Amino acid sequence: MSNSLILRNIHSLIGIEEGDVLLKKGAGMAETGILNNAWLLIIDGKIKSFGLEPYNIADFSEKEDQTISDRKFVNSLQVIDCAGKMVFPSFCDSHTHLVYAGSREIEYIDKIKGLSYEEIAKRGGGILNSAKRLHETSEELLTKDALGRLDEVISYGTGAIEIKSGYGLNTNDELKMLRVIKALKSLSELSIKATFLGAHAVPAKYKGRQADYVDLIVKEMIPRVAEEKLADYIDVFCDKGFFNPDETSRMLEAGIACGLRPKIHANELDYSGGIQTGVKHNALSVDHLEYTGDAEIEVLLNSNTMPTLLPGAAFFLNMVHAPARKMINAGLPIALASDFNPGSSPSGNMQLVLSMGCIMFRMLPVEALNACTINGAYAMNLSDKLGSITVGKIANLSISKQIPGIEYMPYYYGSNKLDTIILNGKIIKSGIPA
Ligand code: NIG
Ligand code: FE
């Protein structure tokens, strides 16, 4: 018999979209479908139907499938009473570096003392520090630690996540990271996408020989990653002091030839040409974008690339803020992601990202919600399956505590407003403490 679960008496069912809506942009970002006093039925891990209370077996029917009688069906239904609670699509976090070894709180103190991200990187800290620790850590321990982090982000409402390599910086360690991500895909209920980020930084061994490292990525790493089918996407840190547009193009072209679509780090530190380079290669997303001007907005408007902002990193590093309002007003879509990593954003809490979108970027709560759900799903090429309340989509949903309205989610920042998490139609955790 089919596995079925019904949510009843939902105060507000939020994030309803038709199946052909794959992203929200411009003025549309402030809109979402909402049903008050609703029910939602899940069968075999998918959203089967939803409507206004009272739920009536005649409205819905597996009878159409002629598989089971009404009474048998009703008896088999697991019911969750959602009185006073809201139901949202799970967050889709499209940019993380969640597989890493150790932590970097000492650099955090250096940052407080005034050293910049680039200065810390130049002193062998930053990404190179994480690479050293990753080299010394076993695949088993990396997997165990990453699973703990996944559990944590699940409890805050994440239902799909992208995870990058990029702390390996040599062929073996990059492959090690990607194998860990592959293991996570099979161990976790989350939908996970893997991105190869060999070009995260130039490793110490290649100092002064950046071109040779690009060669290694193109000639050795990308073919191996493709051969072992370890990644869905390719990323490059295209920015001042890291990789320039020519080097980025070369690596992206090699990746594309192996079936890896680009999703790149761009314009975090300067007007680096990263956005243009990403769009030129039909990137699924360009991420960070603190330095986005009129020329970059124009290029993005004529593309299928999702501009993705990472307020956690801008907050943690005290950086200039991406011009989110200007971008939305120009008609662009925006996705928000956590950038969960040990250096610039040691948190994967998407409820916090939602709040930061509103506080730092002046996004309206519904704009920020769309940015954290359907637009994040688009940035992982998953928005036909996830990111909204849509019949046929995977039932990855969050049930809130009793809260007064949707605005309360970003407003009451810093604490967990969720009560129950559903992934693939299964209840993952209930009664999560605040
Ligand atoms: O997205 N900008 C580049 N990479 C990461 C930082 C990673 C780190 O510092 O470990 C980011 O912020
Ligand atoms: Fe990042």
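The values are calculated or read from the model by the stated rules, or taken from the named source; none is laboratory data. Note that this is a predicted model, so its numbers are computed, not measured. Glycine gets a Cβ as well: all are built from the backbone with ideal geometry, and neighbour counts include every protein chain shown. All accessible areas refer to the heavy atoms of the entire protein, side chains included, with ligands and DNA or RNA removed. Shrake-Rupley method; radii C 1.70, N 1.55, O 1.52, S 1.80 Å.
A few points about this structure:
- Three-way shape label, segment 328-398, alpha-carbon gyration tensor, a/c 1.5: oblate
- Cross-link table Lys185/Lys385; Lys193/Lys417; Lys48/Lys385; Lys111/Lys240, entries beyond 24 Å C-alpha to C-alpha: Lys193/Lys417
- Here the 3J(HN,Hα) profile of segment 7-13, calculated from phi with Karplus coefficients 6.51, -1.76 and 1.60 at θ = phi - 60°, is 9, 10, 6, 5, 4, 9, 9 Hz, Gly and Pro shown as x.
- Relative packing of peptides 359-368, 19-28, 160-169 - highest average C-beta neighbours within 10 Å first: 160-169, 359-368, 19-28
- Between segment 335-383 and segment 141-155, the C-alpha centres lie 19 angstrom from each other.
- The order of the peptides 34-43, 100-109, 339-348 by mean Cβ neighbours within 10 Å, most packed first, is 339-348, 34-43, 100-109.
- When the pairs Lys122/Lys144; Lys401/Lys426; Lys24/Lys393 are compared against a 20 Å limit on Cα-Cα distance, Lys122/Lys144 fall above it.
- Projection of the Cα convex hull of segment 169-265, averaged over all directions and equal to a quarter of that hull's surface, yields 6.0 nm².
- In the full protein context, the chain carries 39 Å² of accessible surface per residue, based on a 1.4 Å probe and ignoring ligands, DNA and RNA.
- At an R0 of 35 angstrom, the distance between the Cβ atoms of His321 and Lys122 translates into a FRET efficiency of 0.90.
- Measuring nothing but protein heavy atoms, the accessible surface of the chain at 1.4 Å probe radius is 51 percent carbon and sulfur.
- Prolate/oblate/rounded label for segment 223-341 (Cα gyration tensor, a/c 1.5): prolate
- Compactness of segment 307-434, taken as the C-alpha radius of gyration over 2.2 N^0.38 Å, stands at 1.06.
- When DSSP beta bridges are restricted to pairs lying wholly in the chain, around 50% turn out antiparallel.
- Largest mean-square fluctuation among Met380, Met319, Met306, in a Gaussian network model of the chain whose springs join Cα atoms under 10 Å apart, belongs to Met319.
- Eligible aspartates and glutamates near Lys176 by straight Cα distance, threshold 18 Å, same-chain separation 8 or greater: Glu136, Glu139, Glu140, Asp145, Glu162, Glu220, Glu227, Glu228, Asp232, Asp235
- Percent of Cα-Cα distances greater than 30 Å, calculated over the chain: 41
- Relative contact order %, the chain, counting alpha carbon pairs below 8 Å whose residues are six or more apart: 21
- Within the assembled protein chains, the solvent-accessible surface assigned to His11 is about 80 Å², based on a 1.4 Å probe.
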